[in-house]
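Any read-out appearing in this document is the output of simple, stated calculations on the displayed coordinates, not a laboratory observation. The structure presented is a predicted model; accordingly, all values stated were derived computationally and were not measured.
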Amino acid sequence: MADHSYFDAVFQIVRLIPEGKVTTYGAIANALGLGSARMVGWALNHSDTADFEVPAHRVVNRKGELSGQLHFSPDYPMGQRLIDEGIEVRNSLIVGFERFFWDPAQIST
C-alpha cells in the first residue's frame, strides 16, 4: 500500500518548482528528510493520482538527464515541456543544468 502522506509531501514540493527551473529526485528527498531519490521517483510515477497538477517534468536525475521521460505522453514529451519553459535540452540532457537547478532545501518554512 502506498504512503499517501509521502506522495503528498513530494507533490507539494514539486508544485513549488518555478517554471523554467528543475530539481532532482535526490534534492527533493533531502529537502523532505524522507526516503531516497528512488522513492521520490516512485511517488512521481503516481502523480496522476493527485487532485491537482504536479509538474513532474521539472524533476530530473542528478546529472540533469531526463530519466523520467518515458512516463510522459509522446504527444507532449518531457523534453518539449522543458523547452517550452526556456530550458535547453539536447539528447535528453539539460544544457547548463546548474543554471536551471532549483534547490527545494532553500524553501523558507
Grab the DSSP H runs of the chain that are 4 residues or longer, score each as -39,500 (n - 2.57), total them, divide by all residues and round the 222 nm result to the nearest 500 deg cm²/dmol.
-> -10000 deg cm²/dmol
Taking the inverse of the average 1/r across all pairs of different Cα atoms in the chain, what Kirkwood radius in Å do you get?
-> 13.8
Once Rh for the range 1-65 is found with the Kirkwood sum over Cα pairs, what is the Stokes-Einstein diffusion coefficient at 4 °C and 1.567 mPa s, in µm²/s?
-> 112
Taking only Cα atoms and a 10 Å spring cutoff, compute GNM fluctuations for the chain and point out the largest among Asn30, Asn91, Asn61.
-> Asn91
